[in-house]
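Please read the structure below before turning to the comments.
Computed from the coordinates by the stated procedures, all read-outs in this text should not be read as laboratory data. Note that this is a predicted model, so its numbers are computed, not measured. No Cβ is skipped: glycine too gets one built from the backbone with ideal geometry, and neighbour counts run over all protein chains shown.
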Amino acid sequence: MTSFPTALGLSAEQAQDVVRQAGLAPSLHNSQPWRFRLLPHAIELHSDPQRRLPAADPEDRELRLACGAALLNLRLALEHAGVRPVVTLLPRLTAPTALAEVRSGGQTTQAPEEQELYRAIPQRRSNRRPFLETPVPTEYRHALATAVRREQGWLHVMKRPELGALEGLVHRAHRAQMADARFREELGRWTGRPTGAVEGVPAAAAGPQPEPQDQWVLRDFSGGEARARVPGKDFEYEPLLVVVCSHHGSRLADLQAGQAMQRMLLTATAHGLAASLLSEVVEVADTREELQRLLGGTLYAQALVRLGYGSPTLATPRRDVRDLLIND
Ligand SMILES: Cc1cc2nc3c(=O)[nH]c(=O)nc-3n(C[C@H](O)[C@H](O)[C@H](O)COP(=O)(O)O)c2cc1C
């Protein structure tokens, strides 16, 4: 096997680790819509148009969120390897798929806080199971909000009086999506994949089968496999729900929001918290607009995340790191 290409003065092994860590980012339906070009002077991050999800994400907003999340992992992994990353978002490269170009700003030693986030990359996973009722301490909430602000975003922590309206919006969005044959077909294609599949959401990563009385509808990834509820294991009564927001609506803001979301998710992981996303409300245009009105009308809602204390859950598989490379 030929050795892994290198970039930015990294060894082949380091370069491979950096790309592997990037590929551990979350993505809608585990579509992993990213590709990397390694050049001596730069690492380019590109979207993979073959992995678009036009029914759920017609404008590729969530695709850019996922690529932003991969970029944050890439930055942390480069720092871990001693390289200070200098990032240009939406670089003027000829390929229309180019989302970021990362160059070296010289050598660096990773700060302890970033080391913790780096270590959290392989630990983080989407946890769709019920969480404990134990509330998330206030200082952890602050840490999550700080993580988002560090990446030019804003975290709105849903307050108790807002939850009723949000619940209505989530159910409405879910009903709208499930009434759309294109959406159901797309979801079906990425769900309930056989053992050994390296993309899509495996049935083992699905939470309990959704039930109509559920307060917060979680997307059904069971692929038709019956997953009976364990008695007494219902969803937590009062989850911590947060909305990762950006201050603008643009391709650049989506990439920043993806980095902000991932810094928040890694911060949560490092604090022992579990998380899952409930994206239907931000995917359906009119519920997204209503959510934004609920948040005061000036923010762009990018991702709705549920956080809490969860039970262990399996890691979702990823493609081989070599398959993430653009080889010209
Ligand atoms: C933009 C975005 C939207 C997502 N939306 C949902 C969602 O609505 N429901 C859900 O259960 N998971 C959602 N996820 C989580 C993915 O399904 C998950 O990241 C993927 O299956 C990989 O698993 P992992 O996060 O455990 O590594 C979303 C992820 C991203 C990045």
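With Rh defined as the Kirkwood radius, the inverse of the mean 1/r over Cα pairs, the Rg/Rh of the chain is 0.95. With 0.36 nm allotted per residue and the present C-alpha distance subtracted, the THR109-LEU314 stretch has 70.6 nm of extension available.
Extension gain, GLU289 to ARG149: 0.36 nm times the residue separation minus the Cα-Cα distance gives 48.2 nm.
Sorting the segments 315-321, 281-287 by their residues' average number of neighbouring beta-carbon atoms within 10 angstrom, most packed first, yields 281-287, 315-321.
Each peptide in 301-307, 84-90 receives the mean, over its residues, of other Cβ atoms within 10 Å, and ordering these scores from highest gives 301-307, 84-90.
For segment 138-308, averaging the sequence separation of C-alpha pairs within contact (under 8 Å, six or more residues apart) and dividing by the residue count gives a relative contact order of 31 percent. Report, to the nearest 10°, how far helix 12-22 tilts away from the longest principal axis of the Cα atoms in the chain, using its own Cα long axis and a range of 0 to 90°. Taking the Cα atoms of the chain, the angle to 12-22 is about 20 degrees.
Estimated purely from DSSP H runs of n ≥ 4, each contributing -39500 (n - 2.57), the mean residue ellipticity at 222 nm for the chain is -11000 deg cm²/dmol once divided by its residues. Each Lys and Arg Cβ is given +1 and each Asp and Glu Cβ -1; about its Cα centre, the chain then shows a dipole of about 280 debye. Considering only LEU241, PRO208, THR109, and ranking their Cα positions along the charge dipole of the chain that arises from unit charges at the beta-carbon of Lys, Arg, Asp and Glu, the one farthest toward the positive end is THR109.
Calculate the dipole size of segment 138-308 relative to its Cα centre from +1 charges on Lys and Arg beta carbons and -1 charges on Asp and Glu beta carbons; express the result in debye to the nearest 20.
300
With respect to the chain, whose longest principal axis is taken over its alpha-carbon atoms, helix 138-150 is tilted by about 50°. Report, please, the projected area of segment 10-92 averaged over directions, based on the convex hull of its C-alpha atoms, in nm². Projected area, direction-averaged: 5.5 nm². Volume of the convex hull of segment 138-308 (Cα atoms only), normalised per residue: 139 Å³.
The radius of gyration of the Cα set in segment 261-314, together with its Dmax, comes out at 13.3, 38 angstrom. Taking the average, over residues, of other Cβ atoms within 10 Å as the packing measure, peptides 94-103, 70-79 rank 70-79, 94-103 from highest down.
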